[in-house]
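What follows is calculated from the coordinates using simple rules that are stated; it is not laboratory data. It should be emphasised that the depicted structure is a prediction, and the values quoted were computed from it without experimental measurement. Here the Cβ is made from the backbone with ideal geometry for all residues, glycine too, and neighbour counts use every protein chain on show.
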Amino acid sequence: MGTIRSIRGTGTVLRVGATPVPHAEILDHVRPVLARDDVDLHVEVFDTFDEPNHHLVAGAIDANFFQYLPFLEEFNASSAKRLVPVAPVHIEPFALYSESIAALGEVPQYAQVALPGDPANVGRALRILHDLGLLTLRDDTLSTPGVDSIVANPKQLLFKEIASAHLADVLADFDLVFLFGNYAMDRQIDLQSAIYCDHANRDYAEYLVSRPDNFDSAPIRLLANALQSDSVRSFIARSYGDLVVPAF
């Protein structure tokens, strides 16, 4: 379980799971708005992508805010659950980073590449490598391709899947590492120096997510409206510059 952020109050308690940056910070920003509508927002902070959906399914939290649709769709398909995307809020960068390679043209033979350790994000990373001409995926590849979908690998890149929360820990151990914007910002890693960055890609907008039994409840709707407000738009610009962009 993560750290819980809340203001003690007497209103309806709304428990939302989130990763720290920027999700929990954005939720902290809208807490006073919800309090005016008698909703007491409790933010439970998770350090990894592994737990928030399971806690939501189990009813330990009422909603979560950490994921984009391809990740949610993969979770629903693999778990036979029906978690519901409620509202898109923001888009984060997803970067290909290296401490030893300055440009894509310098990628050596047998470069070691750290990929995110879940199917949706492995697929996203491999598509980027495909688009950059570093490998070729099957034409008929699934929506979440894996390394077995690679049909050409001219530089004979070597892949290892690492838990997403630990990718920033292995920068010195790999030639190329995919970094999520939230973890990079949390570690104060300069994504401007990445050798490639997927920025403002609306296919990967981060969503507020809830369950079929509560997605249309008044507290969830109030939170969704608050997250898609001009105040949040200004907070994102002020806090994260152009690294994070609104998705509404």
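Miscellaneous remarks
- C-alpha long axis of helix 69-79 to longest principal axis of the chain, angle in °: 90 degrees
- Cβ-based net charge around Tyr183, under 12 Å, with every Lys or Arg adding one and every Asp or Glu removing one: -3
- Electrostatic bookkeeping for Asp47 treats Lys and Arg as +1 and Asp and Glu as -1; over the other residues with beta carbon under 13 Å from its beta carbon, the sum is -4.
- Comparing Cα centroids, segment 38-69 and segment 144-204 end up 24 angstrom apart.
- Amide H within-cut-off set for Leu157, under 5 Å, with H built and near neighbours excluded: Tyr110
- Coarse-grained scattering of the chain at q = 0.08, 0.15, 0.16 Å⁻¹, given as base-10 log I(q)/I(0) from a Debye sum over alpha-carbon atoms: -0.32, -1.03, -1.14
- Looking at segment 94-198 alone, DSSP beta bridges between its own residues are antiparallel in about 55 percent of cases.
- Of the chymotrypsin sites (Phe, Trp or Tyr not before Pro) in segment 76-183, those whose Cβ has at most 15 other Cβ within 10 Å and which sit in DSSP loop: Tyr110
- Residues whose amide H falls under 5 Å from that of Glu206, counting only those 5 or more places apart or on a different chain, are Val89, His90, Ile91, Glu92, with hydrogens built in the peptide plane.
- Rounded to the nearest 500, the 222 nm mean residue ellipticity of the chain from helices alone is -8500 deg cm²/dmol, with -39,500 (n - 2.57) taken per DSSP H run of at least 4 residues.
- Relative to the longest principal axis of the Cα atoms of the chain, helix 119-131 runs at roughly 50 degrees.
- Computed E for Ser231/Lys81 - FRET, C-beta separation, R0 25 angstrom, nearest 0.05: 0.20
- GNM result for the chain, Cα springs below 10 Å: residue of Leu132, Leu171, Leu14 fluctuating most strongly: Leu132
- For trypsin sites (Lys or Arg not before Pro), no site in segment 177-243 is both called loop by DSSP and has at most 10 other Cβ atoms within 10 Å.
- The residues neighbouring Pro22, those whose beta-carbon lies less than 12 Å from its own, together hold a net charge of -4 under the Lys/Arg +1, Asp/Glu -1 convention.
- Rounded to 5, the percent of DSSP beta bridges in the chain classed as antiparallel: 60 percent
- Length gained on full extension, Asp190 to Leu104: 29.2 nm, using 0.36 nm per residue less the C-alpha separation.
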